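Below is one structure, written out as structure tokens; the observations come after it.
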Amino acid sequence: MTTEKATILKLQLPTDPRWVRLVDENLEEILTDHAYCEQKAASSCISLIIQFPERQELVDVLTPIVAEEWEHFQRVIALIRKRGFQFGRKRTDEYAVALGKLERKGDKIERQLMDKLLINALIEARSCERFKILWKNLQDEELKQFYYELMASEAGHYVTFVKLAKAYMPEETVKARWEELLRQEADIIANLKVRPDRMH
Ligand SMILES: [Fe+2]
Ligand SMILES: [Fe+2]
């Protein structure tokens, strides 16, 4: 992925080109990690709904996304089964843990909600970037098509999370925080090892 393409998603650091080569040789590992990424995406939406039930727009927008993410999970599991791979155990997600630490807690609940939504948006954007790399670079036709479809879906989720943040906080506040988080996300990516068994 070129810097120009990463810019469309506003990400500040494109994925290391070594990553996709490692992935191509370790499909079983990456599919396992990918399945958990989808599970975490669904779980994260469920948590938001439970934490903020009085926010009607949030509940109505995120409820169908839970179903979409779970459908992605089902599709990854089906690919694992079809190829005779083993669905492995969940790994520590250093990327999501590091991003989670950027969330500001305390009594400003709207600010915390904005941080949660924007962190979800970042994960969607980075997933979208990685799926695009897989679509463009994998040899396997079925996986290429699969990642093409998921890339489009996660791009939609990324936009949805940013929009939701703007529904609850002034646009300028969201923009400023988004810029800040984009820089921090790039630092996190720069400091993570390139691994064949992690989607992020
Ligand atoms: Fe997904
Ligand atoms: Fe998503």
For the chain, what is the mean residue ellipticity at 222 nm derived from helices alone (per DSSP H run of n ≥ 4: -39500 (n - 2.57); sum divided by total residues; nearest 500 deg cm²/dmol)? -25500 deg cm²/dmol
Please return the longest range in the chain lying between exposed loop sites, taking GluC sites (Glu not before Pro), DSSP loop only, at most 10 other beta-carbon atoms within 10 Å, and leaving the sites out. 55-200
Give me the lysines in straight-line cross-link reach of Lys101: C-alpha distance below 28 Å, same-chain residues under 8 apart excluded. Lys5, Lys10, Lys40, Lys90, Lys116, Lys132, Lys163, Lys166, Lys175, Lys193
Longest principal axis of the chain (C-alpha) makes with the long axis of helix 56-82 (C-alpha) an angle, in degrees to the nearest 10, of 10
In whole percents, the bins of 10 Å from zero upward hold the Cα-Cα pairs of the chain as 8, 37, 37, 16, 2, 0
Angle in degrees between helix 27-51 and the longest Cα principal axis of the chain, rounded to the nearest 10: 20
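Laboratory data are not the source of any read-out in this text; all were calculated from the coordinates shown. Everything quoted here is computed from the prediction, not taken from an experiment. Neighbour counts are summed over all protein chains in view; Cβ atoms, including those assigned to glycine, are modelled from backbone coordinates with ideal geometry.
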